[in-house]
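**Q** Dumping the structure here so I can ask a few things about it.
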């Protein structure tokens, strides 16, 4: 079911021509900074992968990938990617990337089960990135270091936007706040996970929530995560579980938190087997991706995705992602959005 937020008194700061220029400048500037911060090489990515190899991202395990038969492959099915979380790790191995270096790519996906609204579209575009790491780096401190590097690129990009369009004042704090999902639960025990995100982001402006996918003390997860890419079950030295997380910022236009990135240290063999068992998905161990990982054919890595349209929406102070990208929307949402000052492309 679609859901539309209509901010009172909203008025776009940029016209359509300025918006298109801003989108181009943001994408060019940010990806150059991301590449420099993490030492990433750009690669070309697929729009679809063969079904049954375990390469596609399963997200929360309930989203249906868009599939189609391939005539020249005896009608074998292909799937439009949800993301490239596992494909990137295969590519690191095939390209023989050294530790400390990695890859990034433009990921374009179709997620037909999305609940459409200000932040969710059928069309997903993001920078997917992956970097080879050592076993000694499989810890929370290294995860935080990478997050801080990405956040530094985010802050620099916002200032670039301000130089282009002086009416858009920078709002990101200079430092990002880290908190584990369990500590967030203890801080706001009566709130839902989404409301907890809103409150912590309202307070700090930019937050990285660690431990997405692990079970918290109330017996629930902060949010779901597939069992075969992020490591959310390893216990760190501080006793908390999870080597992954989500990066969120406070969006003053929508008066709520917005997730810009999901990322984490990836599973090693032990974590993969443990998480498949937790998720009652042990049959996946025989799939192509999982088989290569369990046979030590894939490097240890850290990686994630950063939403391109969401990032541009945040920087350009837009109220609807449809003001940034072309997609399909319900007729009533188009009419209501236009009436609320949010004409959708």
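**Q** I need a count of the residues in region 112-139 that are in contact with a strand residue (DSSP E or B) (Cβ under 7 Å, 6 or more places away or on another chain) and either surrounded by fewer than 19 Cβ atoms within 10 Å (Cβ to Cβ) or farther than 23 Å from residue 338 by Cα (or both).
**A** Residues of region 112-139 in contact with a strand residue (DSSP E or B) (Cβ under 7 Å, 6 or more places away or on another chain): 115, 117, 119, 122-133, 138.
Cutting the leftovers down to either surrounded by fewer than 19 Cβ atoms within 10 Å (Cβ to Cβ) or farther than 23 Å from residue 338 by Cα (or both) gives us 115, 117, 122-123, 125-133, 138.
Looking only at that region, the number is 14.
**Q** Only one of 89, 149 is farther than 30 Å from residue 323 by Cα and outside any loop (DSSP other than H, G, I, E, B). Can you tell me which?
**A** On the way: 149 fails: farther than 30 Å from residue 323 by Cα.
Exactly one of 89, 149 is farther than 30 Å from residue 323 by Cα and outside any loop (DSSP other than H, G, I, E, B), namely 89.
**Q** Residues 281, 271: which one is in contact (Cβ under 8 Å) with a residue 40 or more places away in the chain, closer than 30 Å to residue 206 by Cα and either surrounded by fewer than 22 Cβ atoms within 10 Å (Cβ to Cβ) or out of contact with any helix residue (DSSP H, G or I) (no Cβ under 6 Å at 6 or more places or on another chain) (or both)?
**A** On the way: 281 fails: closer than 30 Å to residue 206 by Cα.
None of the other options fit; the residue is 271.
Per-residue answers, yes or no, for (1) over 25 Å from residue 141 (Cβ atoms); (2) part of a helix (DSSP H, G or I):
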| site | (1), (2) |
| --- | --- |
| 159 | yes, yes |
| 166 | yes, no |
| 171 | yes, no |
| 191 | yes, no |
| 195 | yes, yes |
| 200 | no, yes |
| 209 | no, no |
| 212 | no, no |
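**Q** Here is a list: 294, 311, 316. Which entry is touching a residue at least 24 places away in the same chain (Cβ under 8 Å), surrounded by fewer than 24 Cβ atoms within 10 Å (Cβ to Cβ), under 30 Å from residue 15 (Cα atoms) and touching a helix residue (DSSP H, G or I) at 6+ places or on another chain (Cβ under 7 Å)?
**A** Values: 294 fails: under 30 Å from residue 15 (Cα atoms); 311 fails: surrounded by fewer than 24 Cβ atoms within 10 Å (Cβ to Cβ).
So the residue among 294, 311, 316 that is touching a residue at least 24 places away in the same chain (Cβ under 8 Å), surrounded by fewer than 24 Cβ atoms within 10 Å (Cβ to Cβ), under 30 Å from residue 15 (Cα atoms) and touching a helix residue (DSSP H, G or I) at 6+ places or on another chain (Cβ under 7 Å) is 316.
**Q** Just to be sure before I move on: is residue 205 surrounded by fewer than 20 Cβ atoms within 10 Å (Cβ to Cβ), within 21 Å of residue 176 (Cα to Cα), modelled with pLDDT of 95 or more and under 20 Å from the mean Cα position of the chain (by Cα) in the structure I sent?
**A** On the way: surrounded by fewer than 20 Cβ atoms within 10 Å (Cβ to Cβ): yes; within 21 Å of residue 176 (Cα to Cα): yes; modelled with pLDDT of 95 or more: yes; under 20 Å from the mean Cα position of the chain (by Cα): yes.
For residue 205, the condition - surrounded by fewer than 20 Cβ atoms within 10 Å (Cβ to Cβ), within 21 Å of residue 176 (Cα to Cα), modelled with pLDDT of 95 or more and under 20 Å from the mean Cα position of the chain (by Cα) - is met.
**Q** What number of residues within region 173-187 satisfy the criterion of being in a loop (DSSP other than H, G, I, E, B) and buried (at least 16 other Cβ atoms within 10 Å of the Cβ)? Can you show your working first?
**A** Just the residues of region 173-187 that are in a loop (DSSP other than H, G, I, E, B), to begin with: 173-176.
With the extra rule that they be buried (at least 16 other Cβ atoms within 10 Å of the Cβ), the set shrinks to 176.
Result for region 173-187: 1.
**Q** Something else about it: Check whether at least one residue in region 245-265 is without any contact (Cβ under 8 Å) to a residue 12 or more places away in the chain and within 22 Å of residue 139 (Cα to Cα), and report yes or no. First the steps, then the outcome.
**A** Going residue by residue through region 245-265, those that are without any contact (Cβ under 8 Å) to a residue 12 or more places away in the chain are none.
No: region 245-265 contains no residue that is without any contact (Cβ under 8 Å) to a residue 12 or more places away in the chain and within 22 Å of residue 139 (Cα to Cα).
**Q** Filter region 65-81 for residues that are part of a strand (DSSP E or B) and surrounded by fewer than 14 Cβ atoms within 10 Å (Cβ to Cβ); which is nearest to the chain's Cα centre (by Cα)?
**A** 67
**Q** Return the only residue of 34, 21 being in contact with a strand residue (DSSP E or B) (Cβ under 8 Å, 6 or more places away or on another chain), at pLDDT 95 or above and outside any loop (DSSP other than H, G, I, E, B).
**A** None of the others qualify; the one that does is 34.
**Q** Can residue 77 be described as within 14 Å of residue 304 (Cα to Cα) and either at pLDDT 90 or above or touching a helix residue (DSSP H, G or I) at 6+ places or on another chain (Cβ under 8 Å) (or both)? Explain how you work it out, then say what you get.
**A** Values: within 14 Å of residue 304 (Cα to Cα): no; either at pLDDT 90 or above or touching a helix residue (DSSP H, G or I) at 6+ places or on another chain (Cβ under 8 Å) (or both): yes.
No: the conditions fail for residue 77.
**Q** Right, something else. Only one of 13, 50 is surrounded by fewer than 18 Cβ atoms within 10 Å (Cβ to Cβ) and closer than 29 Å to residue 300 by Cα. Can you tell me which? Don't jump to the end; show me each part of the working.
**A** On the way: 13 fails: closer than 29 Å to residue 300 by Cα.
Answer to the selection: 50.
**Q** What's the total number of residues in region 96-111 that are surrounded by 15 or more Cβ atoms within 10 Å (Cβ to Cβ) and farther than 26 Å from residue 242 by Cβ?
**A** The qualifying residues number 3.
The values are calculated or read from the model by the stated rules, or taken from the named source; none is laboratory data. Source: prediction; values computed, not measured. Cβ atoms come from the backbone with ideal geometry, glycine included; neighbour counts cover every protein chain shown.
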